[in-house]
Amino acid sequence: MTGQAIAADRPPAIFRSIVWLSAKLLAVERLAVCGFMFLLAGLILLNVVTRYTGMPLYWVDESAIYSVVFLTFIGASAMTRLRLDFAVTMLTERLPERGVKAAKAVSTATVLSFALALLWMCTLWLDPVGIAQAGFNAKDFAGTSFNFVYTERTQTLNWPFWALYLIMPVFAVCMTAHSAANLLEDLGLVSRAERFDFLKSGVNGVN
């Protein structure tokens with residue numbers, strides 16, 4: 001009888017899969033945040049040393065900028081799952097408990113809608129089907145679609161911009177998974193995670 005009750009209370013497989021995916025993405029984001037923080041610190045130190053010695057490396061500035069961009073998007077995605085994003089509580093503080101839960105669910109659903117909309121816009125922007133139909137020829141694709149995303153290159157690093165732009169759809173996918181997991185928790189469909197091992201500390205250790 002007890003085993004049947006536990007099985008009945010167990011969330012459906014699709015819900016558990018979403019929470020599992022969110023947890024795995026959060027673990028990868030944790031490593032990525034640490035890596036980009038060390039990279040950014042190293043680039044800044046290298047920039048100071050080379051400028052002080054009169055031999056500046058011009059690509060360091062651009063590398064540091066893109067490191068900050070990647071770090072920002074990855075950190076924002078992780079903050080979504082950790083529920084450390086900004087919130088205005090002037091209204092919810094005056095609501096009853098049921099109203100607070102409903103407001104949280106609506107807020108999380110809005111974040112999920114934004115993530116899905118961003119993912120759709122990234123698909124339209126990068127147009128993977130269009131570039132594939134053009135035989136992955138950037139010039140032919142730009143000539144037919146007037147979309148020059150695959151022909152632009154960075155100024156000093158001379159990297160293709162599309163490779164850097166990939167952080168946008170990656171951010172959208174991760175944010176979708178995290179906000180979906182949060183929504184399942186807010187709706188009571190899965191048990192809420194009370195602690196995350198992010199940066200080797202609990203949620204309260206991330207500020």
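Couple of notes before you dig in:
- Under the criterion of Cα pairs below 8 Å and six or more residues apart, the relative contact order for the stretch 129-171 equals 21 percent.
- Altogether, the Stokes-Einstein calculation at 37 °C and 0.692 mPa s, with the Kirkwood radius of the stretch 28-128 over Cα pairs as Rh, returns a diffusion coefficient of 193 µm²/s.
- Sequence of 185, 97 once ranked by neighbouring C-beta atoms within 10 Å, starting from the fewest: 97, 185
- A crude spin-label estimate for the pair residue 92 and residue 192, with each label 7 Å from Cα along the Cβ direction, gives 0.9 nm.
- Using a Gaussian network model of the chain in which every pair of alpha carbons under 10 angstrom is joined by a spring, one finds that among 74, 131, 14 the greatest mean-square fluctuation is at 14.
- Debye, to nearest 20: dipole size of the chain, +1 on Lys, Arg Cβ, -1 on Asp, Glu Cβ: 420
- For the chain, the tally of Lys pairs with Cα-Cα distances below 29 Å comes to 4, considering only residues 8 or more apart or on different chains.
- Distance between the pseudo-spin-label points of residue 105 and residue 161 (7 Å out from Cα toward the beta carbon): 4.3 nm.
- For the stretch 12-124, a crude dipole built from +1 on the beta carbon of Lys and Arg and -1 on the beta carbon of Asp and Glu, taken about the Cα centre, is about 500 debye to the nearest 20.
- Rel. contact order, % - alpha carbon contacts under 8 angstrom, at least six apart, the chain: 29
- Ranked by how many other Cβ atoms sit within 10 Å of their own Cβ, fewest first, the residues 146, 136, 141 fall in the order 146, 136, 141.
- Span-like helix ranges in the chain, DSSP H, alpha carbon extent 27 angstrom or more, Kyte mean at least -0.5: 13-52, 58-82, 97-126, 167-186
- Between residue 34 and residue 132, the modelled labels are 3.6 nm apart [label points 7 Å from Cα along Cα→Cβ].
- Gyration tensor (alpha-carbon) shape descriptor, the stretch 51-184, a/c threshold 1.5: oblate
Every read-out reported here was derived from the displayed coordinates using simple, explicitly stated rules and does not represent laboratory data. Nothing here was measured: the structure is a model prediction, and the numbers come from that model. Note: ideal-geometry Cβ built from the backbone for every residue, glycine included; neighbour counts use all protein chains shown.
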